[in-house]
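The values are calculated or read from the model by the stated rules, or taken from the named source; none is laboratory data. All figures in this text were calculated on a predicted structure; none of them were measured in a lab. Quick reminder, even Gly has a Cβ in these numbers, built from the backbone with ideal geometry, and neighbours come from all protein chains shown. The accessibility values were calculated without ligands, DNA or RNA, using every heavy atom of the protein model including side chains. Shrake-Rupley method; radii C 1.70, N 1.55, O 1.52, S 1.80 Å.
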Amino acid sequence: MTRTVRFAPARKLRGTVTPPADKSISHRAAIFGAMAAEPVRVRNYLHAEDTISTLDAVRQLGALVTVDDDGLVTIRGTGLRNTTELDAPIDVGNAGTLMRLLPGWLAGQEGRSYTLDGDASIRRRPVDRIADPLRRMGATIDATDDRLPPFTVHGAHLRSIAYDMPVASAQVKSCVLLAGLVADGATTVMEPAPSRDHTERMLAASGVTVHRNGRHVTVTNVDELVLDDLVVPGDPSSAAFLIAAGVLVSGSRISILGSGTNWTRTGFHRIVQRMGGIVVGELEEELGDGVVGTEPVADLEVAHGPLTGTEVEAEEVPLAIDELPLVALLGCFAEGETVVRGAGELRLKESDRIATVVDGLNGLGGDLEATDDGFVVRGTGGLKGGTIASHGDHRLAMLGAIAGLASDEGVEVVGMEAADVSYPTFANDLASLLGG
Ligand code: S3P
């Protein structure tokens with residue numbers, strides 16, 4: 001049901017928050033747990049709509065999954081080559097990461113076929129980007145109009161490939177690397193620009209030989225994954241909303257505990273700093289406070305301050321891909337122009353995020369212009385407020401909420417329930433910073 005919530009202008013945000021568990025890493029933990037032969041326990045798994053879809057999917061494939069009262073997830077997997085045969089489709093819900101990663105594993109299930117489908121947003125998100133390499137490896141993929149869900153993966157005996165990815169996508173890279181586990185020989189992926197490397201880290205922690213040589217990543221096939229228990233750090237993409245709130249609302253000073261600081265996920269921190277926003281406590285992963293499982297984490301301090309516009313180029317885009325809507329919001333409050341280029345991928349996310357962000361923020365009094373592969377924001381020092389629709393996109397719903405706190409007159413978000421996809425405790429966390 002559509003939920004409309006009004007976010008009034010805030011005076012200042014104060015306090016300490018722990019962001020929810022990382023969505024990307026939780027998806028991977030569930031899939032790796034399912035591929036392992038021995039039971040795997042996952043601490044701090046994200047219990048949100050997207051990652052519940054992943055637990056349901058691996059259950060369908062034959063993994064036994066239990067969740068105890070503290071949220072600890074235990075997965076008794078099927079092993080790498082023994083997924084259950086299904087006569088019903090796998091419902092990925094709204095989860096693009098599940099839809100793109102799982103087929104890598106399924107493509108190597110010889111003689112078995114799996115159909116994947118999802119919600120209306122998923123049905124407009126392309127799968128040809130994974131179908132192409134998986135076909136080259138020997139699988140057959142039947143997709144709607146040859147590029148969209150629902151689609152069927154017919155598992156086969158896979159051969160290894162060297163794949164030159166046309167887009168810098170961690171989802172495509174991960175899909176090919178997972179297929180490489182069950183293919184003959186060594187599989188190499190070459191990325192046009194660095195993207196998040198959670199899969200490579202988890203593979204290495206599972207006893208798989210993973211080599212990185214510049215932009216090339218190579219995995220060698222294995223019989224089984226040997227996995228220790230996993231721990232999921234705080235999600236930097238969820239924490240980014242709190243950072244934006246702290247930077248934009250005057251008088252704010254907040255602490256964010258245990259946020260992931262993997263360099264491939266903290267492009268937004270670097271952009272905020274370039275704009276003059278104050279975020280301290282991390283930067284280089286070597287300087288992070290600690291390590292959670294296979295990932296570096298740190299506590300962050302965020303304070304309000306004046307911002308200036310900046311330029312974000314293609315190389316930086318994959319390192320801040322999910323936070324670019326927030327860069328647009330910060331740009332509205334900055335002095336001068338903020339420009340994002342080389343981000344055409346935004347059009348293929350949960351919504352067309354170039355259109356929905358530009359139209360949404362313009363509707364609140366912003367001055368933004370869409371380009372083919374990004375946007376230009378002319379900073380006006382603030383936002384009046386008004387109404388914004390989430391279009392069923394979790395990050396757009398939360399963008400509207402933060403815009404409301406920083407606006408002159410408040411913002412009504414239509415479709416706030418979308419936030420449950422990645423950050424079910426979002427409203428409570430904001431309320432705690434508002435002292436409410
Ligand atoms: C993700 C990678 C990104 C990101 C998505 C999660 C992942 O997508 O936008 O939210 O977990 O690998 P692409 O790699 O397709 O850009």
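At a glance:
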| read-out | value |
| --- | --- |
| Mean projected area (nm²) of the alpha-carbon convex hull when the chain is viewed from all directions | 18.4 |
| Cβ crowding within 10 Å averaged over residues, with 265-276, 345-356 ranked highest first | 265-276, 345-356 |
| Student exercise, region 23-231 dipole from Lys, Arg, Asp, Glu Cβ charges, in Debye to nearest 20 | 600 |
| Probe 1.4 Å, accessible area per residue of the chain, Å² | 36 |
| Under-29-angstrom lysine pairs by C-alpha in the chain, whenever the two are 8 or more apart or on separate chains | 6 |
| Kirkwood Rh in Å, taken over all unlike Cα pairs in region 1-94 | 15.2 |
| Taking only Cα atoms of region 23-231, radius of gyration then Dmax in Å | 15.4, 44 |
| Evaluated over region 337-422, the Cα radius of gyration and Dmax, each in Å | 12.3, 33 |
| Using θ = phi - 60° and Karplus 6.51 cos²θ - 1.76 cosθ + 1.60, couplings along region 364-380 (whole Hz; Gly, Pro as x) | 9, x, x, 10, 10, 10, 7, 10, 4, 10, x, 7, 10, 10, 9, x, 10 |
| Accessible surface of GLU369 - all protein chains present, 1.4 Å probe, nearest 10 Å² | 90 |
| Probe 1.4 Å, all protein chains present, accessible-area order of TRP263, TRP105, largest first | TRP263, TRP105 |
| Kirkwood Rh in Å, taken over region 116-156 so that all alpha-carbon pairs contribute | 10.1 |
| Beta bridges by DSSP in region 23-231, antiparallel share as percent, to the nearest 5 | 75 |
| Region 217-230 - phi-based ³J(HN,Hα) in whole Hz, Karplus 6.51/-1.76/1.60, Gly and Pro as x | 10, 10, 10, 9, 4, 9, 7, 9, 8, 10, 10, 7, 4, 10 |
| Length-normalised contact order for the chain - Cα pairs under 8 Å, 6+ apart - percent | 18 |
| Equivalent-ellipsoid semi-axes of region 201-268, from the Cα gyration tensor, Å, largest first | 36, 15, 7 |
| Heavy-atom accessible surface of the chain: percent carbon and sulfur, 1.4 Å | 49 |
| Kirkwood Rh in Å, taken over all unlike Cα pairs in region 256-375 | 15.0 |
| Long-range HN-HN contacts of LEU148 with modeled amide H, under 5 Å | VAL127 |
| Cα-based helix-to-principal-axis angle, 353-362 vs the chain, degrees rounded to 10 | 10 |
